[in-house]
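Colleague: Attaching a single structure in structure tokens format; questions to follow.
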Amino acid sequence: MFKYFEPNKIFSITSKAPKYVLLLFIIVLSIGLTEALILSPEDYKQSHSVRIMYVHVPAAWISLGIFSSITFLSLIGFIFKIRNFFLISKSLAPSGLVFNIVALVTGSIWGKPTWGTWWAWDARITSMLILAMFYIMYIIAWRIYDNNDKVFKATSVITILGIINVPIIKYSVDWWNTLHQPASINILSNSSIHISMLIPLLIMTAAFALFSLLIFLMKYNTELIKIKNKGLDRL
Amino acid sequence: MIKEFLLMDGFGLYVWSAFGFTLFNFVTLYIFTKIQYVKEKNKFIAKFGTLNSERAAFAKSQSINKEILSNISNI
């Protein structure tokens, strides 16, 4: 089954896909921004500041999703010795870190009018900051180790330690008394968010997911060409 | 009406700075990733150009190398 993930097989797709993903991203983002900034209603309590949710929440979701994917791929790659899974993980990390930073900064901007402070060391915010540190450690590990075995081991350890933090982020608002509000959207039960706000939120999430796919494809192609460059040196 | 839209009942500065920061990060990451991609591709093309005909033919027999050379204008 894993032979389908061979770089030779997927490069022909990944090299052509970015321009279509970029076009789709621009279309979905334009719709999302129109919905988020113009069409969606203001909140009865938070007024227009609620619009920050349309960038803050999707960024946090995608950042968590990417880290979970990196961990899963690193583990499978380590167990079954599939080098390409590490390459995919490495290519996902930059957009994951950027989404993490966007979630932290937009959360801080949202915090000022809502809580009266830019920053609080509460469980949700602190655990998101810890996730950013794991992203940074992961990216640095790829830069400092030349040896493939060492980098595969180091990045696997970092992701395993980091994944412990993911459920803490998710449930921090339930386990501790935090400034951060509890989740408004629940897949398994009724969500407390109104449909007029849910739709723009989902469109913006789709736009952000497309952006991370675009960056992943460009980064993955770059990594493959880097390997091929080394191959040409050996000829 | 435009002024109202920009001011957002006094929350405009917060909302626009959050959206602005997000878009700035997107553009920066996109440009940075594209520069890296173009740099590696140019390096590949330059290295490929220095190969003699026999080695170039061998390198071109590998499907990824052929794809890289055929997709020079991509992205």
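The values are calculated or read from the model by the stated rules, or taken from the named source; none is laboratory data. Keep in mind it's a predicted model, so treat the numbers as computed, not measured. As a convention, Cβ positions derive from the backbone with ideal geometry for all residues, glycine included, and neighbour counts pool all protein chains shown.
Colleague: What are the pairs, 6+ residues apart or on separate chains, where a residue within the range B:52-66 that is among the aromatic types (Phe, Trp, Tyr) has its Cβ under 9 Å from a residue that is modelled with pLDDT of 70 or more and in a loop (DSSP other than H, G, I, E, B)?
Modeller: That search, which allows pairs on different chains as well, returns B:Phe58/B:Leu51.
Colleague: Would you be able to say whether some residue in the range A:35-52 is more than 10 Å from chain B (Cβ to nearest Cβ), of a type in the set (S, T, N, Q) and in a helix (DSSP H, G or I)?
Modeller: no
Colleague: What number of residues within the range A:34-62 are small (Gly, Ala, Ser) and over 17 Å from A:Leu202 (Cβ atoms)?
Modeller: Final tally of qualifying residues: 2.
Colleague: Would you confirm whether any residue within the range B:54-63 is within 9 Å of chain A (Cβ to nearest Cβ), modelled with pLDDT under 75, under 18 Å from A:Thr14 (Cβ atoms) and in a helix (DSSP H, G or I)?
Modeller: Yes, because at least one residue in the range B:54-63 is within 9 Å of chain A (Cβ to nearest Cβ), modelled with pLDDT under 75, under 18 Å from A:Thr14 (Cβ atoms) and in a helix (DSSP H, G or I).
Colleague: Here is a follow-up. Tell me yes or no: at least one residue of the range A:16-39 is among the aromatic types (Phe, Trp, Tyr), under 22 Å from the mean Cα position of the chain (by Cα) and closer than 13 Å to A:Ala209 by Cα.
Modeller: Yes, the conditions are met somewhere in the range A:16-39.
Colleague: A further question on this structure: So which helices (runs of 4 or more DSSP H) stay within the range A:133-235 end to end and still have 2 or more residues that are within 13 Å of chain B (Cβ to nearest Cβ), without any contact (Cβ under 8 Å) to a residue 60 or more places away in the chain and over 27 Å from A:Thr34 (Cα atoms)? Please lay out each step first, then the result.
Modeller: Working: elements: A:148-163, A:165-175, A:195-234.
Ranges flagged: A:195-234.
Colleague: Say whether the condition of being among the charged types (D, E, K, R) and part of a loop (DSSP other than H, G, I, E, B) is met by at least one residue in the range A:115-126. If you could, list the steps in order and put the result at the bottom.
Modeller: Taking the range A:115-126 as the starting set, the residues that turn out to be among the charged types (D, E, K, R) are A:122, A:124.
Now narrow it down to the ones that are part of a loop (DSSP other than H, G, I, E, B): A:122.
Scanning the range A:115-126 turns up at least one residue that is among the charged types (D, E, K, R) and part of a loop (DSSP other than H, G, I, E, B).
Colleague: Okay, next question. Quick check on this structure: which one of A:Ile88, A:Ile158, A:Ile136 is under 16 Å from the mean Cα position of the chain (by Cα), among the β-branched types (Val, Ile, Thr) and buried (at least 16 other Cβ atoms within 10 Å of the Cβ)?
Modeller: A:Ile88
Colleague: Okay, next question. Only one residue in A:Ile125, A:Ile130, A:Ile88, A:Ile79 is away from every other protein chain (no Cβ under 13 Å) and out of contact with any helix residue (DSSP H, G or I) (no Cβ under 9 Å at 6 or more places or on another chain), so which one is that? So that I can check it myself, show each step before the final result.
Modeller: On the way: A:Ile125 fails: out of contact with any helix residue (DSSP H, G or I) (no Cβ under 9 Å at 6 or more places or on another chain); A:Ile130 fails: out of contact with any helix residue (DSSP H, G or I) (no Cβ under 9 Å at 6 or more places or on another chain); A:Ile88 fails: out of contact with any helix residue (DSSP H, G or I) (no Cβ under 9 Å at 6 or more places or on another chain).
Of the residues listed, the single one that is away from every other protein chain (no Cβ under 13 Å) and out of contact with any helix residue (DSSP H, G or I) (no Cβ under 9 Å at 6 or more places or on another chain) is A:Ile79.
For (1) modelled with pLDDT under 95; (2) closer than 20 Å to A:Val98 by Cβ; (3) touching a strand residue (DSSP E or B) at 6+ places or on another chain (Cβ under 6 Å); (4) more than 7 Å from chain A (Cβ to nearest Cβ), each residue gets a yes or a no:
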| site | (1), (2), (3), (4) |
| --- | --- |
| B:Tyr14 | no, no, no, no |
| B:Phe19 | no, yes, no, no |
| B:Gly49 | yes, no, no, yes |
| B:Leu69 | yes, no, no, yes |
| B:Asn74 | yes, no, no, no |
